[in-house]
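Notes to accompany the following structure.
The values are calculated or read from the model by the stated rules, or taken from the named source; none is laboratory data. What you see is a predicted model; the values in this text were computed from it and never measured. Cβ placement follows ideal geometry from the backbone for every residue including glycine, while neighbour counts extend to all protein chains displayed.
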């Protein structure tokens, strides 16, 4: 019997929880399923890293524009009688969903507590057959915003590969601390990890802190911690394969995480499966579901650096407590977060779709660019003609509409200066600085020519009335 292909779209093979999720699920499907075969559908241009452990299909080689890529994706998927497509965070590819025939299961996974996921789910809900949230918090937030989505939404927590038994820890000093993941300031706030090391260094030299991973903030961290690296208290491993990651986790006592937001951190689950006690910042999604504070880990309010250091030194001074909490963390991971449990739930979701009678409908034809299904007024001649006269543009909102508008600007006007405005978004947005509305009005408005908004929501008039520069809703123009 011919197996049904399952495709996970990824634009990047750099370190991420989403990549690990894909690898774990693909490997489990390939071993345990006789009905499905899974692979990554890679849309990027960089070489696939040697450490990648799963099949990779490269579909977009030679296609340089989003329109070409979306069109090729539609044709590729519709060439299958049956298939599953999981777009992950490749939001521009959601424009292909309306054009797929009824034998293609369209599954959207909300990986993170980011507005762009919620906006995408609500904008495109009619074209998804199922939506999966990686935490109960994400599900509750999505459904509270739109109760209609409840019928096709569920929770499947991430799963990780569990070792046969919890690794034996040395029980001796130095205390071994680890961080695994992307070394980025956006979301991960890795500068706080440097602050923790420097604060701990003032209290004790009897520690070892290992950074496993890579990212754009790595040079900054290495510079800040150069003295500790030279002394041997800090190690940067760079990107390493799964076996080496597991070896470092086996040696570690404590795992730290200082993120501003997550879905459910896969790096946290992996650390717990190897008997590391988590000491993590309190965030709304994932953390409260995984960690029972003071039992299988510590949750730090407001990411207070001194509180991180206090918890680390507390565990260093009480090996009995460290051992008990490590065992509790391990038991939680193997009970609730194994790859087998995750894979079984996803396979049941696939089976339910393909075992149900499929409507006999062909794929709809498209006469305009598929982008119009995300933001109907983008790529209209009026829009292109208007924006070509403005060199410095501010985009209001960092949701799905903001991302689609940013993609549009980068595609047609790559040389223009773009600034993002959002009161609820912290850090960078796809490499761009984000400022609040108040900061924009007081400091940045003088440096832009126009403010544009690509979404559907109402904007508070008290904001727009205070702007001196033109503010244009794109849906009103076309």
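At-a-glance table
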quantity	calculated
Residue match in the range 239-255 (condition: modelled with pLDDT under 95, outside any loop (DSSP other than H, G, I, E, B), over 14 Å from residue 178 (Cβ atoms) and not assigned by TED's automatic domain parsing to the domain that holds residue 140)	yes
Residue count, the range 98-107 (criterion: buried (at least 19 other Cβ atoms within 10 Å of the Cβ) and in contact with a helix residue (DSSP H, G or I) (Cβ under 6 Å, 6 or more places away or on another chain))	6
Scan of the range 99-132 for residues that are more than 17 Å from residue 155 (Cβ to Cβ) and in contact with a strand residue (DSSP E or B) (Cβ under 8 Å, 6 or more places away or on another chain), ordered by number	100, 103, 104, 105, 106, 120, 124, 127
Selected residue [outside any helix (DSSP H, G or I), under 25 Å from residue 162 (Cβ atoms) and either in contact with a strand residue (DSSP E or B) (Cβ under 8 Å, 6 or more places away or on another chain) or modelled with pLDDT under 95 (or both)] from 366, 389, 298	298
Whichever residue in the range 123-142 is within 26 Å of residue 260 (Cβ to Cβ) and surrounded by fewer than 17 Cβ atoms within 10 Å (Cβ to Cβ) and, among such residues, is farthest from the chain's Cα centre (by Cα)	140
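One line per residue, one yes/no per condition, for (1) more than 30 Å from the chain's Cα centre (by Cα); (2) modelled with pLDDT under 70:
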site: 426; (1), (2): no, yes
site: 433; (1), (2): no, no
site: 438; (1), (2): no, no
site: 444; (1), (2): no, no
site: 447; (1), (2): yes, no
site: 452; (1), (2): no, no
site: 457; (1), (2): no, yes
site: 460; (1), (2): no, yes
site: 465; (1), (2): yes, no
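Residue-wise test of (1) surrounded by 21 or more Cβ atoms within 10 Å (Cβ to Cβ); (2) part of a strand (DSSP E or B); (3) outside the structural domain of residue 185 (by TED's automatic domain parsing); (4) in contact with a helix residue (DSSP H, G or I) (Cβ under 7 Å, 6 or more places away or on another chain).
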{"residue": "34", "(1), (2), (3), (4)": "no, no, yes, no"}
{"residue": "38", "(1), (2), (3), (4)": "yes, yes, yes, yes"}
{"residue": "46", "(1), (2), (3), (4)": "no, no, yes, no"}
{"residue": "49", "(1), (2), (3), (4)": "no, no, yes, no"}
{"residue": "54", "(1), (2), (3), (4)": "no, no, yes, yes"}
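Residues are listed down the side, and each one gets a yes or a no for (1) crowded, with 24+ Cβ neighbours inside 10 Å; (2) out of contact with any helix residue (DSSP H, G or I) (no Cβ under 8 Å at 6 or more places or on another chain):
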position: 228; (1), (2): no, no
position: 237; (1), (2): no, no
position: 245; (1), (2): no, no
position: 252; (1), (2): yes, no
position: 261; (1), (2): no, yes
position: 276; (1), (2): yes, no
position: 280; (1), (2): yes, no
position: 293; (1), (2): no, yes
position: 302; (1), (2): no, yes
